[in-house]
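The block underneath contains the structure these notes are about, expressed in structure tokens.
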Amino acid sequence: MPQRSQRLDTLSLLDPQRRSSLAPLARLLLVIFLLATSLLTIACTAQAADEPQHTALLDRVEGFLFEQALADGASPQDLQIEVFAPAADLTDCQAAEPFLPRAGTRLAGRVSVGLRCAGESHRTRYLQADITRMGWQLVAARDIAPGERLSDDMLGRERVDLARLSSQALNDPASAIGQVARRGIRQGQALASHQLSAPKLVRRGEQVAVEASGRGFRISRQGEALEAGGMGDRVRVRVDRRQVLEARVVDRGRLAVAF
């Protein structure tokens, strides 16, 4: 009996009256399916149309950063730039003009780039980029003792990503040669400006020559240094019992005052 009942139910679905009652539901489902398919097709088409414009914008920003890095002294073979796709829709940003929001931006590591769009003088868009910039840093070629004056044979070089370097890291031998180690530096250790100081060209209490110059005149007299200083340092010097000047160290035992 259950099998016969099941056959009767199945046959009832073929009844024209039952089929006509299900027709509106089937048509509704078909309309919903077609509508969803159309919306998906439109979205995919719009996304595909936007991709070339976004790609052109990213290429423009990458080219801008490349030029800026070259002007900053980078070599083309040392640069790798990745501009990240914008989270917001920038298809309405016409004739985009990239710029660096902050003067003196370090062109290494994560960088923010501003975009000025035509007709939007009071609005700025932004993109993020990552710049890998390889270069050299100075390292100690051997152990350097405190107070030791650095020479060329004490210096080595190591190739690194400049984004990893601190602002005090040294990469130019001229900035280290002739300097004096403030503390001990181990072989292979990266050199930084805070580890070094200029050698003292003027000692406190010693007699120095003080040169004063200005438009159409130049005079020199003796004085007593009240402070020690290295090249370029400004120190106080007494030129007589009552007069104390501030002068710049220009050589061993020589200071200069400009008027």
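The values are calculated or read from the model by the stated rules, or taken from the named source; none is laboratory data. No experiment lies behind these values; they were computed from the predicted model shown. Quick reminder, even Gly has a Cβ in these numbers, built from the backbone with ideal geometry, and neighbours come from all protein chains shown. Note: accessible area is taken over every heavy atom of the protein model, side chains too, but ligands, DNA and RNA are not part of it. Shrake-Rupley method; radii C 1.70, N 1.55, O 1.52, S 1.80 Å.
Key figures for this structure:
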{"quantity": "Arg236 open to solvent by 30 Å² or more (accessible area, probe 1.4 Å) and at pLDDT below 90", "calculated": "no"}
{"quantity": "Residue check for Gly214: closer than 23 Å to Gly147 by Cβ and either out of contact with any Asp or Glu (no Cβ under 7 Å at 6 or more places or on another chain) or surrounded by fewer than 11 Cβ atoms within 10 Å (Cβ to Cβ) (or both)", "calculated": "no"}
{"quantity": "Criterion: loosely packed, with under 14 Cβ neighbours inside 10 Å, more than 30 Å from Gly230 (Cα to Cα) and at pLDDT 90 or above - qualifying residue of Arg159, Arg164, Arg142", "calculated": "Arg159"}
{"quantity": "Total residues in region 168-205, condition open to solvent by 60 Å² or more (accessible area, probe 1.4 Å) and either over 27 Å from Ala247 (Cα atoms) or not basic (Lys, Arg) (or both)", "calculated": "10"}
